[in-house]
Amino acid sequence: MDIACSTPTPTVDAADASEAAVIDASFEEHSDGATAVGVDALVRACAVLVSCPDAPSGATSIADCVQTLRYYADPALDAINPAVRLDLDRRVQCALAASDCRGFSQCSTLGHGPLFCAQHSGTICDGDVLVSCATPAAATWATGALDCAALGQVCREAFGRGACTTGISCATNYQRCEGTRKVTCSTGRFEQSVDCAAWPGGASCALASVDGGTARASCVATAGARPACTTMSALSRCDGSLAVRCFEPGLPMLVVDCAQYGARCVSRDGGLASCEVDSSECSEGTPDRCEGATLATCIDGRWRRLPCASVWRSQCVLTAGAARCAD
């Protein structure tokens, strides 16, 4: 999923903190019994993410978007890639706050619009902001912008490509451990560092070679910690009431506890493990549908309905078999 962020300002860190609370708070409100306030907020945000042309979400439906955001709300994501959390939190906040699609794009890229990308292409640094524009340069909104400073890093360019790094340059490929931190270097670029201690339940950094090859640094989970995904792990499965999803081998699994929604975990062929109530009106994989100018989506075995006017679109339409709010 693309990264979205801002031009550097003195208030970025405070904004990021408030954005991070949006996803988490929506789950807490729902699990505490406040009917469906949190779910409704996610549905509205996802309606923007799948309906606005400059808001690529990678989701095929609102239901898919909501389920994915639930996985990404797992604190384990911070051990996998905190940049992804920063990206998604901002996208959700911008989707909830904007009054039109242009406003969403302005907020989620925080100013990296068509004028900027008409003059730049590829992944570059704008101060300490990592910005991705189309290649070759085109007058479109940035597909991603990540504030490296919000991650405690700096943005640096090498060989025409930018990256968030520690700022320490390196000339050769290497991987090493510095205490619990895994440090890597790409030739002629800059170091990148991940703290294995952020692994849910704890992990250490260890060097090991595979089949006699170059030693590689990796996070090794401690006893009782969240298990790591392996090449044999199911990409998505149920473990009791837990919906479990693996995104990459060697990284911790992401988990959603369906019990907090008064639901059970259901895994269906060809789809993600998801939450459903026992008395289901619909099931995981049921396509979003239009009911006049209202978009209906199946979440937790219940139909959730969103008037398209509430996300500043005039009608609900089917595009390539998927329901969307549009003008």
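Each value in this text was obtained by applying a stated rule to the coordinates, not by laboratory testing. Because the structure is predicted, anything quoted here is derived from the model rather than measured. Backbone-built Cβ (ideal geometry, glycine too); neighbour counts: all protein chains shown.
At an R0 of 30 angstrom, the distance between the Cβ atoms of R161 and Q260 translates into a FRET efficiency of 0.15.
Of E157, E291, the sequence from fewest to most neighbouring Cβ atoms within 10 angstrom is E291, E157. Short to long, the 10 Å bins of the Cα pair-distance histogram for segment 242-285 hold 29, 49, 19, 3 percent of all pairs. What the Cβ-Cβ distance of E281 and N173 gives, at R0 = 56 Å and to the nearest 0.05, is a FRET efficiency of 0.55.
Normalised by residue count, segment 127-174 yields a Cα convex hull volume of 97 Å³ per residue.
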